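FYI, it's all coordinate maths here, none of it is from the lab. Not measured: the values here are computed from a predicted model.
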Amino acid sequence: MTRFDLIDQLKRGDVPAMHKLRLTFDYLRPRKLQETEAFTQRLNALIYELGRNPKAKKELSSSFEFVLTQTTYVSLLSNTGINGHATFWGESWRQIGHAILAPARNNNDLADVLAYIFPQRTDYQWLAWIRPVQWLELFEDALVHRGEVLAGHIRNEMSHAVILLSHRITGIGLEPVLTTKMPEADNLESPFLLQNKEAIFYFTHVYPSLTREDLARGLLHADVLDSLRHCQQLLDQLRKQKDRYGLTLDLLFLIRRLEQCVERSERMINLLHKTHIESAYLGFWEMILEIIPYVHPRNNLRRLLAENVSIFTNQIVEHSGRTGEKYITTTRKQYWSMFRAATIGGVVVAFLCIIKQAIKSMKAAPFMEALAFSFNYALGFIAIHLFHGKLATKQPAMTASRIAGAIEGTLHGKPSEVPLPTLIARVSRSQIASFLGNVALSFPMAYLLAMLIYWITGEHYLTPEAAHYNLHSNNPIESLSILYATIAGVFLFLAGLVSGYFDNFVVYYKIPERLMEFPLLKFLRPARREKLVKYINYNLGALASNFFLGFCLGMAAFIGFIFGIPFDIRHITFVAGSIGMAVAGLDWQLSTYEWVMAFAGVFLVGVFNFLGSFSLSFMVALRARDVTFRQSLLLFTGLLSHFARYPSRFFWPPRHEDTKTPALVNQPSV
């Protein structure tokens, strides 16, 4: 449609008002969001053409005024962009339903009218390009000549929305799931009750009679704003005490819903007390522009998932970050302690390799075999934990959050006990120590166990065919071992999240206190029962993550078999043990190519285990802390100079480590 066709449509009296507005914005909509210059030219041309056609300009302004004065805003201002259900999952299902089949349109509701006028989900982006003076030129009659009429309707609708939100804040704030965490909110002096009394009294008895001079004083609504800020302070306090109380998605959802109601109320109250009509219009339209994306259900669903899952993940990675401290060594003594702990893990994995081969030789049904593999892995990983051993590839998921926290501190100029370059050097050498410890024992131990079976039975544990199959399946060129190593890295990342989730679970549901009163544990002496409960309190996350990881690794090949896709896992420690058994089965009769590919396979599987786990954990941790990946990359470029200056520190701990913060080049400003 050309602007001349649009002018003809605007002049017609049989075209509905909201359809005229839709045609206008359809004409203005850029084909691509990058076409800002073309959009500006089109907008200026339309404004010029409207100036030459007073009737079309008046019809457009009348349509704008009609839509804004004959519709109700209460739903738009109090519901749109605000979580609308009591629980996260309930709201998720509601939004999914709306995304599939949108609700019926109500032409008396401004939210539905805006969804009709701006049908595309990205419209809000280019609407922000229109300057305030251009809005006035487009709709001059409505905004300037008849501005008081429109302003009166807007004030009336906003007042009703504030009162509705005030009732909602009271209802949500008195939910038991919140009051149990905030005792000061569970009485008649609760800020959530007081703000409701203030809002109702003010907007029922005071605001309707205010003059422009009263509004200019700007003091009469201070009590209402103070009561809302007190509510926000309680919510901030609850967030800060998350380590004490724990969090769930539903609790986070309620907190976020309350915050949204408080923020929207404060914003509307401030707009209602602006004395200059132009600034009031500008503030109102800025708020509408922020709400417009959420008149579309799909945008609402994206926002719901992005906001709540990100916040919940933040709590999980915080727990993972604290767990990750024990995976970072500082001194040489700690370095060797990490190496010894990793050798325990290597020994256990060698036994797991032998047991897995025994399970495979039974030739059970695929599901039963996968189930047996899963229990073998899970119980083995739990044994490593019980023996205070370390599995190298579990480190990245735990340490990524710690590094992301250090990056956040560096970007915001917050002093840190350990400078970022020093921390990364420590993580690097700790990871190398655990890799070496795992591999150094899993290979020879698996070989010795296989040879022991040979000496006892007189037969090799692996036939030559099975031994060659082991070598082939770990060959980085002839097999998909690198892909499978990456898949294992993803499972290791998920195991880190599970660990953080159950650490949070213990706190939120007060598991230690409940276990102390558990009837089936009453037969234990109080001291022994307390010791057991304390162990569960500090280790449930680790035990759950090990069990989860075991089942992920054990079931991977079965999932690939069921769906007929290349889906399996390769883990560096198990690959080393598998090669150890193959070497025993072949009496060391391997070709040079097989030896090279065996060592290359172990190395590359370890690298991609690390990359798969660390990269995902790192990105989640950065997102949870609102740090962009680009900012982190800029900081990492500065680390190159630190590596060039002290390369050995990334592999071996110095006698005396300098903890002064090195200069980071290209450090981005915030």
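Overview of results
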{"item": "The range 468-597 - percent relative contact order, Cα under 8 Å, separation 6 or more", "result": "37 percent"}
{"item": "Fully extended contour minus Cα-Cα distance, from THR179 to MET368, at 0.36 nm per residue", "result": "63.3 nm"}
{"item": "Phi-based couplings in Hz for the range 607-615 (Karplus 6.51, -1.76, 1.60; Gly and Pro marked x)", "result": "4, 7, 4, 5, 4, x, 6, 5, 4"}
{"item": "In order through the range 434-443: 3J(HN,Hα) via Karplus (6.51 cos²θ - 1.76 cosθ + 1.60), integer Hz, x for Gly, Pro", "result": "6, 4, 4, x, 4, 5, 4, 10, 5, 5"}
{"item": "Ratio of Rg to Rh over the range 155-222 (Cα coordinates, Kirkwood Rh, two decimals)", "result": "1.08"}
{"item": "Reciprocal mean inverse distance between Cα atoms of the range 435-565 - Kirkwood radius, Å", "result": "18.8 Å"}
{"item": "Per-q log10 I(q)/I(0), the range 552-622, q = 0.16, 0.26, 0.27 Å⁻¹ (Debye; single scatterer per alpha-carbon; no solvent)", "result": "-0.74, -1.09, -1.11"}
{"item": "For ASP109, distant residues with modelled amide H under 5 Å away", "result": "THR72"}
{"item": "Alpha carbon Rg of the range 102-228, scaled by the compact-globule rule 2.2 N^0.38 Å", "result": "1.40"}
{"item": "Residue-by-residue Karplus 3J(HN,Hα) for the range 47-60, coefficients 6.51, -1.76, 1.60, Hz, glycine and proline x", "result": "4, 5, 5, 5, x, 7, 10, x, 5, 5, 5, 5, 4, 5"}
